[in-house]
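Values quoted throughout were computed directly from the atomic coordinates according to the rules given, and no laboratory measurement underlies them. Remember, predicted model here, so these are calculated numbers, not experimental data. When we count neighbours, we look across all protein chains shown, and the Cβ atoms used for this are built from the backbone with ideal geometry, even at glycine.
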Amino acid sequence: MTGFSPTSPVVSVLMAVHDGEPTVRRALESLQAQTFTNFEVVAVDAGSTDGTARILDTMSERDMRISVTHVEDKSVFSALDLALSRARGEYVLMMRQSACAEPALLAELLDAAQKSDLELVMGGFTVNVVVGSRELSLVAESEDRVFLTQHDFRTAAWSLFDRGLMAPLCAKLFDRQAALAAGVGFASQACTGADAGAGQMGSIHGFTLGFLRDVERVGMVSATRYHVALSVGDLGFPTPGPQTYQRLETEYAATLALLRHWGMEGDAASMEMLQRRYVEILAACIDGVAGRGPIAPKAEDLESVSRMISTEHAKLAASVAQPRDSFTRAMAPSIRNGNARKAYSQAKLWGLLRHGLPAGTSPDAYV
């Protein structure tokens, strides 16, 4: 614990935990193994009903860097806001209860931030999803890079969104004062009303998207030292479906608003990225409905698919986007024409021929 300052930690690691008994100990132990030691962990137990509270309290008693607050019936978003309000570090990093950090994570992110006086540093991360007896890995790859101007960052941002690297909180070091100055939070800017606990695929991308609006100094590190493990049981449903669709709609609007704020609405690369990612995730959501349903669709399944493909921006995306995978390319005409029955049947057929995650799935669909 050499170098730790109980009164002035450099980094505050924020954790909102809900029923995290299977994974939270490993997450905390990975933080305790960091080569950089002057950090604090601000953990908020959001109404857990399993053994989470006992694990947190025990680890806190043994390590003065870990502080724990227990709250009843608190959403994970509100819990993160509470953790942020109690943070004392110059920088903050969010740690998921099912994540694991390699020992050099904090040291590398902090080194990049301090060398170039950055407000935000991003690293790569992996999402390992257990589907049945198989584990499938999704990777958001980063690179060593510093954007010298705000314009340079905004011009390149489309490619970072495209990799699934930009929006998630994973492996990001935020300047705490910059976050406070921007007025960003979690509960007020959550991209969905659902909690993002271990059993739900909620979204907390709103904090990142809010922070990005006027950020000026951004850097990246190429190392991939942040890993998230999820299982079908943890997610609560086997593939992206109606819940993910609600998040998709909100985040599409939020990302479009961000690009407009940046003056990038006329940028061809940015808009192509937005439309392509939208239709790829939309196709995955349809796949999620068909994958759980019978060969002959039920009325409620058709209604769900029809609702997904009936919007004007869904038809626009299916018309102009250039999907990277054959599944989405095959689905595009049905989406464009608003043919829910055909879209369901196509997704069902592809699902029977394919095992694992749907095509076009990005790592940020899960985190």
(message) Rounded, prolate or oblate, given the Cα gyration tensor of segment 269-313, with a/c below 1.5 counting as rounded?
(response) oblate
(message) Projecting each Cα onto the charge dipole of the chain (Lys/Arg +1, Asp/Glu -1 at the beta carbon, about the Cα centre), which of L148, G288, W350 comes out farthest on the positive side?
(response) W350
(request) Using only the Cα atoms of segment 33-128, construct the convex hull and provide its projected area averaged over every direction, in square nanometres to one decimal. (result) 7.1
(request) First measure r as the distance between the Cβ atoms of H313 and D73, then evaluate 1/(1 + (r/R0)^6) with R0 = 35 Å and state the FRET efficiency to the nearest 0.05. (result) 0.45
(request) Could you tell me how many degrees, from 0 to 90 and to the nearest 10, lie between the Cα long axis of helix 299-309 and the main elongation axis, the longest principal axis, of the Cα atoms of the chain? (result) 70
(request) Evaluate the distance, in nm, between pseudo-label points positioned 7 Å from the Cα of S5 and of D214 along their respective Cα→Cβ axes. (result) 2.9
(message) Compute the helix-to-body angle for 340-353: its Cα long axis versus the longest principal axis of the chain, expressed 0 to 90° and rounded to tens.
(response) 70
(request) Calculate how steeply helix 326-337 sits against the longest principal axis of the alpha-carbon atoms of the chain, using the helix alpha-carbon long axis, and give the answer as 0 to 90 degrees to the nearest 10. (result) 60
(request) Counting only DSSP beta bridges with both residues in the chain, tell me the antiparallel percent, nearest 5. (result) 40
(message) Taking amide H atoms as placed 1.01 Å from N in the peptide plane, list the residues 5 or more away in sequence, or in a different chain, whose amide H sits under 5 Å from that of A223.
(response) G124
(message) Give me the dipole magnitude in Debye, nearest 20, for segment 46-194 about the Cα centre, with unit charges on the beta carbon: positive for Lys and Arg, negative for Asp and Glu.
(response) 200
(request) Using the Cα centre as the reference, give the magnitude of the dipole from point charges on the C-beta atoms of segment 78-123 (Lys, Arg: +1; Asp, Glu: -1; all else neutral), rounded to the nearest 20 debye. (result) 220
(request) Determine, from the Cβ-Cβ distance of E272 and E141 and an R0 of 22 Å, the FRET efficiency 1/(1 + (r/R0)^6), rounded to the nearest 0.05. (result) 0.65
(request) Set the Förster radius R0 to 56 Å, insert the Cβ-Cβ distance between L352 and M64 as r into 1/(1 + (r/R0)^6), and round the FRET efficiency to 0.05. (result) 0.55
(request) Compute the normalised compactness of the chain: alpha-carbon radius of gyration over 2.2 N^0.38 Å, N being the residue count. (result) 0.99
(message) Need the full-extension length gain, S85 to A296, defined as separation in residues times 0.36 nm minus the C-alpha distance. One decimal, nm.
(response) 70.8 nm
(request) Can you bin segment 82-148 into rounded, prolate or oblate? Criterion: square roots of the alpha carbon gyration tensor eigenvalues sorted a ≥ b ≥ c, rounded for a/c under 1.5, prolate for a/b above b/c, oblate for the rest. (result) oblate
(message) Through the Karplus equation 6.51 cos²θ - 1.76 cosθ + 1.60, θ set to phi - 60°, convert the phi angles of segment 27-42 into ³J(HN,Hα) values in whole Hz; use x for Gly and Pro.
(response) 4, 5, 5, 5, 6, 4, 8, 5, 6, 8, 10, 8, 9, 10, 10, 9
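Is it possible to state the helix-based mean residue ellipticity at 222 nm for the chain, with each DSSP H run of 4+ residues giving -39500 (n - 2.57), the sum divided by total residues, to the nearest 500 deg cm²/dmol? What is it?
Roughly -14000 deg cm²/dmol at 222 nm, from the helical runs in the chain.
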(message) Per residue of segment 52-69, what does 6.51 cos²θ - 1.76 cosθ + 1.60 with θ = phi - 60° give for ³J(HN,Hα)? Whole Hz please, x for Gly and Pro, Karplus curve as stated.
(response) 4, 4, 5, 4, 4, 5, 5, 5, 5, 5, 8, 9, 5, 6, 9, 10, 10, 10
(request) Pull out a ≥ b ≥ c, the square roots of the eigenvalues of the alpha-carbon gyration tensor of segment 266-352, then state rounded if a/c is under 1.5, prolate if not and a/b is larger than b/c, and oblate in the remaining case. (result) prolate
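What percent do you get for the relative contact order of the chain when only Cα pairs under 8 Å and 6+ apart count?
17
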(request) Post the alpha-carbon centroid distance, segment 127-174 to segment 278-294, in whole angstrom. (result) 23
(message) Is there a quick way to get the dipole size of the chain? I mean about its Cα centre, with the Cβ of Lys and Arg at +1 and of Asp and Glu at -1; what is the value in debye to the nearest 20?
(response) 980
(request) Could you tell me which of T250, S75, V121 has its Cα farthest along the dipole of the chain towards the positive end, charges placed at Cβ (Lys, Arg +1; Asp, Glu -1), taken about the Cα centre? (result) T250
(message) Taking 8 Å as the Cα distance limit and 6 or more residues as the minimum spacing, I'd like the relative contact order of segment 255-367 as a percentage.
(response) 33
